[in-house]
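Participant: Following this message is one structure expressed as structure tokens.
The values are calculated or read from the model by the stated rules, or taken from the named source; none is laboratory data. Computed from a predicted model, the values in this text were never measured in an experiment. Here the Cβ positions follow ideal geometry from the backbone for every residue, glycine too, while neighbour counts run over all protein chains shown. For accessibility, only protein heavy atoms count, side chains too; no ligands or nucleic acids. Shrake-Rupley method; radii C 1.70, N 1.55, O 1.52, S 1.80 Å.
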Amino acid sequence: MKKIIACIMIATMAVVAQKKQKPNIILILADDISAREFPIYKSDTWSSDKGNKDSQDPNLRAKTPVLDKIAKEGIYVKTAWASVVCSPSRAMLMTGRYPHLHKWWGNKTIGQYTDEDGNLGSYPLFASSPLSIGHVAKKGGYATMWSGKSQMRNRNLQKFGFDEGVFTPGESSITELGENPYSNFTLEQKKVNGKKELINQDTGKPLGYPYYESSSWYWKPHVMLMNHPSSKKQFEWWPNTAESKKDYGLNTYGPDVELDFIFDFMERKVKEDKPFFVYHATHLGHAAMNYFNPKRSDLKWIETPKITWKNGKYTREEPNVTGANGIYDMHNSLSPSGIHSHVNYLDYQMWLYLKKLKELKIDNNTLIIFCADNGSSKYGKNNPESQKGTHVPFMMYGPGLGFTKKGEQDILMNLSDILPTLAEIVGFEFPKDYEINGESLMPFLTTNKKTHRDWVYGYKDSLQIIRGEKVLKDGLNKWYDVREYPSDLISFPEIKDWSKVPSELRAERDALNKVLPRFDMFDEAQHGPLSEKHQKKLAQLKAAKKAKLAKKKALKKAKQQKKKKN
């Protein structure tokens, strides 16, 4: 009898210990995908296959059975906001802060600072915001991994609080690695006969149309490892083993590589009985150079491997691409080009995630967060109009984690809320003098609380975008009545005469206008800490730029006046 009681007690203690164990966390950030591209958001309009116009073609509609399940059985937020473009959104997500603190205002307007060696450079997030997602997870006792896109503008990826990293493409600024020896899918700026040309290294010829220097993150990708157990040094190009070198080639797909390394990391941490945090910054959704069709600049969303959903599971067709030097045959083994194919492949990867969690027996103790960094290319990306650039998908799924909410949540939130949410989950408290602009979602998710926050904020450079439950001010200083969602999620009625709207809308407008000055610091506080020498240098550059702009405007005005006279 005593033995039976002892066994029962041990079993009970094991169950209690499992419940007390901190949940694993997987944060998936899709790239350049609006909320409207996901069927769960019920928009009657989405992107065309080339992104140059809106579409209502059902053949171009993504199909997302797994993300639908995650959204319905977990939660999805009706109005989730990011910034309107990549870098400031990622900064907001990673730091829980707005640019008056982190200084990442836009892709091309990242604040400068004087580093500890006295050099002028981009203000890194680990310096502006030393308690970002990787650091907070580690302080909470988590093993941490970053997989996919980095976009951090400097070589110090080891300073972001992640134990391991898989970066696609690898950071070319890590000069000690030299050129990637495994992939020639690269665009490089070179001088040809005294003229700058963008050369496709795969063909050895100029590209022939405007683009930017980059390396492949989809097919035959450039991959860099950080602190992987198979590596002999901190940073290393992949493939890095005899087996991986044998398998690497045209049919190697970057998003698959990222996920393989994530699953390897998860398996190792489960064996070590250590909770893990994965930041999966996938490239899926982002346009890219199409190395398989180098003359087709219109095929911006690169083909993915073919997938099929049937009887509650996915099957994936093995890619079969042959050729060389810009001439390739895909043998009809890839999906059609289009953002819908990228969304479909994300759904396939979410299915793989759920399968893996079940296989590792951690499906009831893992939180999945799925979101995106800004609106779709050619539609929302860089677009400050209404909420085109800011409206992104946001889903949370955590069976067994005690959520009191389920399905659609008609609340306001933005990417800055992710860090304080993670901090609460991992058991980390920010110092009282450390400013965090986001708000934890946990009180809303685990109680009967009906709202989350009163307003959400977006930005790019000096453009300020803000909305409450009733009104929205966009980056063009237009105001909208947002009490009801239109069928395309975007065509809110513009408010042109405030005397004709209810007083409650005017009251919310006034309240939102009081919030903005705190964050509207682009003109007077764009940069981080600067030496006196660099302050003078940047002031001179700013003055020269202002003078050039004034001259350009004066010339334009003179031309218009001359045209009128004629």
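Participant: When ranked by the protection proxy of mean other Cβ atoms within 10 Å per residue, highest first, what sequence do the peptides 502-512, 415-425, 69-79 form?
Facilitator: Numbers: 502-512: 14.6, 415-425: 24.2, 69-79: 20.7.
Peptide ranking by packing, descending: 415-425, 69-79, 502-512.
Participant: Between the DSSP loop rule and a limit of at most 10 other Cβ atoms within 10 Å, which chymotrypsin sites (Phe, Trp or Tyr not before Pro) in segment 348-381 are left?
Facilitator: Here no loop site has a sparse enough neighbourhood.
Participant: Taking the Cα centre of the chain as origin, sum charge times position over the Cβ atoms of Lys and Arg (+1) and Asp and Glu (-1), and report the length of that vector in debye to the nearest 20.
Facilitator: So the dipole magnitude of the chain works out to roughly 1860 debye.
Participant: Checking the cross-link filter: which aspartates and glutamates have an alpha carbon closer than 18 Å to that of K500, excluding same-chain neighbours under 8 positions apart?
Facilitator: D481, E484, E508, D510
Participant: Given the pairs K356/K449; K191/K551; K22/K470; K103/K432, which span a C-alpha to C-alpha distance of over 27 angstrom in this model?
Facilitator: Checking Cα-Cα distances, K356/K449; K191/K551; K22/K470 exceed 27 Å.
Participant: Also, I was wondering about something else. If each residue of separation counts as 0.36 nm, what is the full-extension length gain between A525 and D488 once their alpha-carbon separation is subtracted?
Facilitator: On the way: separation 37, 0.36 × 37 = 13.32 nm, distance 3.70 nm.
That pair, A525 and D488, stretches by 9.6 nm at full extension.
Participant: Please list S335, S491 in order of solvent-accessible area, largest first, computed with a 1.4 Å probe with all protein chains present.
Facilitator: Heavy-atom accessible area, descending, gives S491, S335.
Participant: I'd like the accessible area for L250, computed on protein heavy atoms only with a 1.4 Å probe and all protein chains in place. Round to 10 Å², please.
Facilitator: Only protein atoms counted, so the area is about 30 Å².
Participant: Once you sort the root eigenvalues of the Cα gyration tensor of segment 284-429 as a ≥ b ≥ c, which label holds: rounded (a/c under 1.5), prolate (a/b larger than b/c) or oblate (the other case)?
Facilitator: Taking the square roots of the gyration eigenvalues as a ≥ b ≥ c, segment 284-429 is oblate.
Participant: Trypsin sites (Lys or Arg not before Pro), restricted to segment 250-331: which are DSSP loop and have at most 14 other Cβ atoms within 10 Å?
Facilitator: K295, R296
Participant: From a point 7 Å beyond the Cα of Q21 in the direction of its Cβ, which residues of segment 104-142 have a backbone N at a distance under 20 Å?
Facilitator: 137-142
Participant: What's the extension gain from K191 to L476 if we count 0.36 nm per residue and subtract their Cα-Cα distance?
Facilitator: That works out to 98.6 nm of additional length.
Participant: Step through the table entries K78/K378; K108/K190; K233/K269; K406/K460; K69/K139; K108/K381, compare each Cα-Cα distance with 24 Å, and write down the pairs that go over it. Mind dumping the intermediate values first?
Facilitator: On the way: K78/K378 22 Å; K108/K190 22 Å; K233/K269 21 Å; K406/K460 33 Å; K69/K139 32 Å; K108/K381 14 Å.
In this structure, K406/K460; K69/K139 lie more than 24 Å apart at Cα.
Participant: Ignoring ligands, DNA and RNA, please state the percent of accessible area on the chain from carbon and sulfur, probe 1.4 Å.
Facilitator: Whole-percent figure for carbon plus sulfur exposure: 51.
Participant: I've got another one for you. Between their Cα atoms, which of K195/K295; K53/K388; K313/K355; K388/K473 are more than 18 Å away from each other?
Facilitator: K195/K295
Participant: Could I ask something else about it? Between segment 313-353 and segment 432-499, how many Å separate their Cα centres?
Facilitator: So the separation of the two Cα centres works out to 37 Å.
Participant: Something else now. How about K196: which lysines have a C-alpha closer than 16 Å to its C-alpha, ignoring those fewer than 8 places off in the same chain?
Facilitator: Here the lysines satisfying the reach criterion relative to K196 are K205.
Participant: Now a separate question. Around K355, what is the net charge, scoring Lys/Arg as +1 and Asp/Glu as -1 over all other residues with Cβ under 10 Å from its Cβ?
Facilitator: Net local charge, K355 excluded: +1.
Participant: Working out 0.36 nm times the residue gap between N320 and K53, then minus their Cα-Cα distance, what length gain in nm do you get to one decimal?
Facilitator: Stretched out fully, the N320 to K53 stretch lengthens by 93.0 nm.
Participant: Given a 1.4 angstrom probe, what's the average accessible area per residue across the chain, in square angstrom?
Facilitator: On the way: 26610 Å² over 566 residues.
Roughly 47 Å² per residue, with all protein chains present.
Participant: Give the separation of the Cα centroids, segment 537-560 to segment 45-123, in Å.
Facilitator: One Cα centre to the other: 31 Å.
Participant: Determine which residues of segment 384-422 fall in the zone a paramagnetic label at A511 would reach in this model, i.e. backbone nitrogen under 19 Å from the point 7 Å along Cα→Cβ.
Facilitator: Label zone hits: 410-414.
Participant: Is the shape of the chain rounded, prolate or oblate, going by the alpha carbon gyration tensor and its root eigenvalues a ≥ b ≥ c, with a/c under 1.5 for rounded and a/b larger than b/c for prolate?
Facilitator: Since a/c stays below 1.5, the shape of the chain is classed as rounded.
Participant: If Lys and Arg each add +1 and Asp and Glu each add -1, what is the summed charge of the other residues whose beta carbon sits under 13 Å from the beta carbon of S122?
Facilitator: Taking every Cβ under 13 Å from that of S122, the sum is +3.
Participant: On to the next question. If we count every other residue with Cβ under 15 angstrom of Y397's Cβ, Lys/Arg +1 and Asp/Glu -1, where does the sum land?
Facilitator: +2
Participant: Using DSSP, restrict attention to beta bridges with both residues in the chain and report what percent are antiparallel, rounded to the nearest 5.
Facilitator: Counting only bridges with both partners in the chain, antiparallel ones make up about 65 percent.
Participant: Hey, another quick one. Put D273, D520 in order of accessible area, largest first, 1.4 Å probe: what do you get? Write out the running numbers ahead of the final one.
Facilitator: Details: D273 110, D520 65 Å².
Of D273, D520, the descending order of accessible area is D273, D520.
Participant: Follow-up question, since we're still on this one. If r is the Cβ-Cβ distance from T241 to K545 and R0 is 56 Å, what FRET efficiency results, to the nearest 0.05?
Facilitator: Computed FRET efficiency for T241 and K545: 0.70.
Participant: Starting from the eigenvalues of the Cα gyration tensor, five times each then square-rooted, give me the equivalent ellipsoid semi-axes of segment 293-344, largest first, whole Å.
Facilitator: Three semi-axes, in Å: 23, 15, 5.
Participant: I've got another one for you. Could you order H340, H331 so the one with the most accessible surface comes first? Probe is 1.4 Å.
Facilitator: Sorted descending by solvent-accessible area, the residues read H331, H340.
Participant: Using a 1.4 Å probe and ignoring any ligands, DNA or RNA, find the accessible area of Y212 and quote it in Å² to the nearest 10.
Facilitator: 100 Å²
Participant: If you don't mind, another one. From the Cα gyration tensor of segment 250-292, with a ≥ b ≥ c the square roots of its eigenvalues, which class applies: rounded if a/c is under 1.5, or else prolate if a/b is larger than b/c, or else oblate?
Facilitator: Details: a/c = 7.31, a/b = 2.34, b/c = 3.12.
In terms of gyration-tensor shape, oblate.
Participant: Of T114, S376, L555, which is farthest along the charge dipole of the chain in the positive direction, counting Lys and Arg as +1 and Asp and Glu as -1 at C-beta?
Facilitator: L555
Participant: Let me ask something additional. What does the helix-only formula give at 222 nm for the chain: each DSSP H stretch with n ≥ 4 adding -39500 (n - 2.57), the total divided by the residues, and the result rounded to the nearest 500 deg cm²/dmol? Don't jump to the answer; show the numbers that get you there.
Facilitator: Numbers: 13 runs with 159 residues, N = 566.
Mean residue ellipticity at 222 nm (helix-derived): -9000 deg cm²/dmol.
Participant: Here's something else I'd like to know. Report the one residue of P65, V270, S462 whose Cα lies farthest in the direction of the positive end of the charge dipole of the chain (charges on C-beta: Lys and Arg +1, Asp and Glu -1; origin at the Cα centre).
Facilitator: Final value for the positive-end residue is S462.
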